[in-house]
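K.L.:
Take this structure first; my questions come after.
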């Protein structure tokens with residue numbers, strides 16, 4: 001007697017990330033829906049460590065999704081290999097595969113334990129889909145891509 005095989009449920013693929021940008025502010029124009037990102041950066045300046053950043057925005061653009069996903073964003077300390085912050089998850093839905101999803105997360109002041117490299121990680125249904133590296137340092141240099149934090 002042959003055994004019946006139960007059909008394996010295929011896990012849907014996660015959406016693809018086309019952009020992760022950190023910025024000071026976002027503005028969405030009411031008439032056109034166009035997004036303006038103000039003050040794009042990849043480096044925080046903190047007066048001292050441990051320290052806290054100023055609030056910021058994370059702009060995320062996703063494509064090629066199928067149906068509903070729970071999207072979450074984490075901040076990883078690359079030196080310690082630890083998750084140091086997690087934003088509340090949000091539900092998104094792709095009505096069609098060709099649909100593009102744009103999300104803007106408002107991040108509160110972020111505690112940073114030390115100078116160095118960190119990643120902002122985007123997950124869909126608890127699966128990592130992309131990450132954006134940023135640096136944190138004390139004032140002293142004037143490189144581009146900064147987000148000065150008021151002490």
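Read-outs throughout are calculated quantities, based only on the coordinates presented, and are distinct from any laboratory measurement. Note that this is a predicted model, so its numbers are computed, not measured. Cβ atoms come from the backbone with ideal geometry, glycine included; neighbour counts cover every protein chain shown.
K.L.:
Hey, quick one: spin label on residue 37, modelled 7 Å out along Cα-Cβ, who in the stretch 100-119 has an amide N within reach, i.e. under 20 Å?
P.N.:
100-110, 117-119
K.L.:
Relative contact order (percent) for the chain, with alpha-carbon contacts under 8 angstrom and 6 or more residues of separation?
P.N.:
That works out to 30 percent.
K.L.:
Could you tell me the distance between the Cα centroids of the stretch 33-61 and the stretch 109-127, to the nearest Å?
P.N.:
The stretch 33-61 and the stretch 109-127 have Cα centres separated by 12 Å.
K.L.:
Continuing with the same structure: Within the stretch 61-93, whose backbone N sits under 16 Å from a point 7 Å along Cα→Cβ of residue 106?
P.N.:
87-90
K.L.:
Find how much the distance from residue 135 to residue 85 grows on full extension, using 0.36 nm per residue of separation minus their present alpha carbon separation; answer in nm with one decimal.
P.N.:
In short, 16.5 nm is gained.
K.L.:
At what distance in nm do the modelled label points of residue 98 and residue 48 sit from each other, each positioned 7 Å from its Cα along Cα→Cβ?
P.N.:
5.8
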